[in-house]
1. Every residue in region 59-82 that is within 22 Å of E154 (Cα to Cα), touching a residue at least 24 places away in the same chain (Cβ under 8 Å) and in contact with a helix residue (DSSP H, G or I) (Cβ under 6 Å, 6 or more places away or on another chain), please.
2. Can you pull out every residue in region 111-166 that is assigned to a loop (DSSP other than H, G, I, E, B) and among the β-branched types (V, I, T)?
3. Determine whether H107 is at pLDDT 95 or above, surrounded by fewer than 17 Cβ atoms within 10 Å (Cβ to Cβ) and not in a helix (DSSP H, G or I).
4. How many residues, within region 35-67, are within 10 Å of the chain's Cα centre (by Cα) and either surrounded by fewer than 17 Cβ atoms within 10 Å (Cβ to Cβ) or outside any helix (DSSP H, G or I) (or both)?
5. Within region 82-98, is there a residue that is out of contact with any Leu (no Cβ under 9 Å at 6 or more places or on another chain), within 17 Å of V43 (Cβ to Cβ) and aliphatic (A, V, I, L, M)?
Amino acid sequence: MQILSGSSFLAARRLLVLSFLYSPIFAQMMPPLRRQPTPTKVVAEHMAAFSACDWTRLMAQFPDNVEFFGPNGQVVRGKVALGRMFSEVVKPPSQGGTCGLKVVAEHTFIVGDTINVQWRADSPLLKEPYRGADAYETRDGLMAAQVTTWNPAELKWKTPPIAGHK
């Protein structure tokens, strides 16, 4: 039996996690859909699930054909791909995630089933609040699409997270 060095162990662990995240099993792990009665409640549930760092609650809102548009042309298409993305977000900062942030709506503007929100993310872990804006397109009690200014690389942590934090 070969004993792995610290860096080899971490590389092997990362490979195992990545193979898991990109496997068909990951797609089967998706929670059942949980519809909300109004577009406003869809957004409230999303912000609460994000603030609670609850991957299952987040993913219960998204249909299979969801699209997520981020800064710099980032596009994530489909529930499984979005699930992979959020699985990286709902970790402690020391592991490259953003758990510990509480997202609060500062201004909301509704256009049909689209909820536009200017928001603030607060945490004792941050030097200052982080502000952004999202447009949440809802359909049939679910989050059909999201456009966001969210860029976790712009968070100003009191204690820097691990190298390579995105």
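1. Across region 59-82, the qualifying residue is only F68.
2. T149, T159, I162
3. Yes; evaluated as a whole, the condition is true for this residue.
4. Of the residues in region 35-67, 2 are within 10 Å of the chain's Cα centre (by Cα) and either surrounded by fewer than 17 Cβ atoms within 10 Å (Cβ to Cβ) or outside any helix (DSSP H, G or I) (or both).
5. no
The values are calculated or read from the model by the stated rules, or taken from the named source; none is laboratory data. Quick caveat: nothing in here was measured; it's all calculated off a predicted structure. Here the Cβ is made from the backbone with ideal geometry for all residues, glycine too, and neighbour counts use every protein chain on show.
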